[in-house]
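Engineer: Sharing a structure with you now.
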Amino acid sequence: MTYDLSEKSHVLVTGVAGFIGFHTATRLLQRGETVVGIDNLNDYYDVALKEARLGQLAKFKSFTFVKQDIADKDGMESLWREYGPFRRVVHLAAQAGVRYSLMNPYAYITSNCMGHVTVMEMCRHTKDFTHLVYASSSSVYGANRKLPFSVKDSVDSPISLYAATKRADELMSQSYAHLYNIPQTGLRFFTVYGPWGRPDMALFIFTKAIVEGKKIEVFNNGEMKRDFTYIDDIVDGVLATLDAPPESGPDAPPHRVLNIGNTRSENLMDFVRIIEKELGKKADVEYKDMQAGDVKETYADVSETSALTGFKPKTPIAEGVPRFIEWYRGYYKV
Ligand SMILES: NC(=O)c1ccc[n+]([C@@H]2O[C@H](COP(=O)([O-])OP(=O)(O)OC[C@H]3O[C@@H](n4cnc5c(N)ncnc54)[C@H](O)[C@@H]3O)[C@@H](O)[C@H]2O)c1
């Protein structure tokens, strides 16, 4: 579907100071949209990085930032009254990270469950609501052994609380689409990387350690495979999805779940080799056992996503990793 931009209402982006939220808002602004972005700027990782991303967004006149927690019902109602109503929402705020969900489970329930319901409640009470696009995760495939992961596969065996909260979001969205006819799409992102990326993720951690001459820890003795998806491809998928809201059928509520991945499962050690080559420095690798909550391999089947939105990932890791490292060198002056 193509929108006439002049007829568009403004878009709310939650988690706008985060990695994917920042890039999504940037692209929306570049295509001429008005964006209101919210984030609670929590300190799960370096707040200065979140603020630096907001600093980039502040260069756009049609961008407004509001510091707001999505799990705060009263605050969200005030936001809707003051800056809304929002008929299109890209909901990316969440407590991310598989491993941290073993340490601080409550953060996941508050942001990912209460927060998700609060966002849906706002949409429910918005007249002519058009589309809620929200972040799910490839981690919902959990112990699934069939590859590539298809949205038709069973996802009843999460192996981390993070995955369980993301699956809960999908189920809650299905119920709201059924009850209140709210058009929604859940996007299962597969390991996203790129400039302005997250400090708790492998590419960032490995790059930092190699630059600083420290050891890198590689789990499951390096026997890990990931479908690494470059941020620009993710944003292509988010925008294409936002522009193509689902319609309800006689027995089908307007809700669907789609994979967004690069459709290649890469060996983790090949990923490490590209980082080494770019930095011109060997990694000091410490091999470790598998971590609780982690999966050995991810690999996306995006056929439904492509058929519905035209999504087609374009960036191999040999191109994407050097772009991250160029950003890292510039941002941290190394
Ligand atoms: N990056 C990936 O590889 C990946 C993979 C699968 C799914 N996801 C999902 O995509 C979304 C975006 O991920 P990201 O990588 O940009 O993570 P991120 O942590 O960089 O961004 C999330 C942002 O949400 C904000 N936030 C968290 N809880 C909040 C709350 N209660 N209220 C308001 N703001 C809150 C954080 O401050 C942060 O800026 C998340 O939902 C994440 O679970 C990411």
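Engineer: Using Cβ contacts closer than 10 Å as the measure, can you line up Asp39, Asp169 from fewest to most?
Structural biologist: Fewest-to-most Cβ neighbours within 10 Å comes out as Asp39, Asp169.
Engineer: Let me check against my output: what whole-number percent is the relative contact order of segment 209-334, with C-alpha pairs under 8 Å and at least 6 apart?
Structural biologist: For segment 209-334, the relative contact order is 41 percent.
Engineer: Follow-up question, since we're still on this one. Only loop residues by DSSP count here, and only those with at most 15 other Cβ atoms within 10 Å; note down the GluC sites (Glu not before Pro) in segment 133-225 that meet that.
Structural biologist: Glu212, Glu223
Engineer: How much net charge surrounds Val238 when only the other residues with a Cβ under 13 Å from the Cβ of Val238 are counted, with Lys and Arg +1 and Asp and Glu -1?
Structural biologist: Summing Lys/Arg as +1 and Asp/Glu as -1 gives -1.
Engineer: Then there's this: Which residue, Ser78, Ser139, Ser62, has the most motion in a Gaussian network model of the chain that connects Cα atoms within less than 10 Å?
Structural biologist: Ser78
Engineer: For Ala292 and Ser62 in the same chain, what is the full-extension length gain: residue separation times 0.36 nm, less their Cα-Cα distance, in nm?
Structural biologist: Between Ala292 and Ser62, full extension yields 78.4 nm more.
Engineer: Follow-up. Once R0 is set to 35 Å, what does the formula 1/(1 + (r/R0)^6) return for the Cβ-Cβ distance between Lys127 and Tyr331, expressed as a FRET efficiency to the nearest 0.05?
Structural biologist: 0.25
Engineer: Taking R0 as 30 Å, what's the FRET efficiency between Lys214 and Thr34 from their Cβ-Cβ distance, rounded to 0.05?
Structural biologist: Calculated value: 0.10.
Engineer: List the aspartates and glutamates whose Cα sits under 12 Å from the Cα of Lys152, skipping any in the same chain fewer than 8 residues away.
Structural biologist: Hits, sequence-local ones excluded: Asp301, Glu304.
Engineer: Under 16 Å between alpha carbons, and skipping anything fewer than 8 positions from Lys50 in its own chain: which lysines qualify?
Structural biologist: Lys59, Lys67
Engineer: Here's a follow-up. Using the 10 angstrom Cβ neighbour count as an exposure proxy, how do Trp196, Trp80 rank, fewest first?
Structural biologist: Result, fewest neighbours first: Trp80, Trp196.
Engineer: Taking 8 Å as the Cα distance limit and 6 or more residues as the minimum spacing, I'd like the relative contact order of segment 24-151 as a percentage.
Structural biologist: 23 percent
Engineer: Now for a separate question. My understanding is that a pair violates if its Cα-Cα distance is over 26 Å; which of Lys277/Lys333; Lys296/Lys333; Lys215/Lys333; Lys166/Lys225; Lys281/Lys333 do that in this structure?
Structural biologist: As for pairs spanning more than 26 Å Cα to Cα, those are Lys296/Lys333.
Engineer: Same structure again: Could you go through segment 313-326 in sequence order and give the Karplus-derived ³J(HN,Hα) for each residue, using 6.51 cos²θ - 1.76 cosθ + 1.60 with θ = phi - 60°, rounded to whole Hz, and x for Gly and Pro?
Structural biologist: Values, residue by residue: x, 10, 10, x, 4, 5, 9, x, 5, x, 5, 5, 5, 4 Hz.
Engineer: Sticking with this one: Which is the longest stretch in the chain that no exposed loop site breaks, taking sites as trypsin sites (Lys or Arg not before Pro) with a DSSP loop state and at most 15 other Cβ atoms within 10 Å?
Structural biologist: After excluding every exposed loop site, the longest remaining stretch is 215-280.
Engineer: What number comes out for the charge environment of His116, summing +1 per Lys or Arg and -1 per Asp or Glu over other residues with Cβ under 11 Å away?
Structural biologist: Value of the local net charge: -2.
Engineer: How much length, in nm to one decimal, is gained on full extension between Asp72 and Asp46, taken as 0.36 nm per residue of separation minus their Cα-Cα distance?
Structural biologist: Gain on stretching Asp72 to Asp46: 7.1 nm.
Engineer: Work out how much length Ile205 to Ala318 would gain on full extension: take 0.36 nm times their residue separation and subtract the Cα-Cα distance, in nm to one decimal.
Structural biologist: 38.9 nm
Engineer: For a footprinting-style exposure proxy, rank Leu57, Leu179, Leu41 by other Cβ within 10 Å, fewest first.
Structural biologist: Placing the least packed residue first, the sequence is Leu179, Leu41, Leu57.
Engineer: Restricting to bridges with both residues inside the chain, how much of the DSSP beta-bridge set is antiparallel, in percent to the nearest 5?
Structural biologist: In the chain, DSSP labels about 5 percent of beta bridges as antiparallel.
Engineer: Another one. Helix 73-83 versus the longest principal axis of the chain: what angle, 0 to 90°, nearest 10, using Cα atoms?
Structural biologist: 70 degrees
Engineer: Something else now. At 222 nm, what helix-only mean residue ellipticity would the chain give, in deg cm²/dmol to the nearest 500, using -39500 (n - 2.57) for each DSSP H run of four or more?
Structural biologist: -11500 deg cm²/dmol
Values quoted throughout were computed directly from the atomic coordinates according to the rules given, and no laboratory measurement underlies them. Fair warning: this is a prediction, and the values are worked out from it, not measured in the lab. Backbone-built Cβ (ideal geometry, glycine too); neighbour counts: all protein chains shown.
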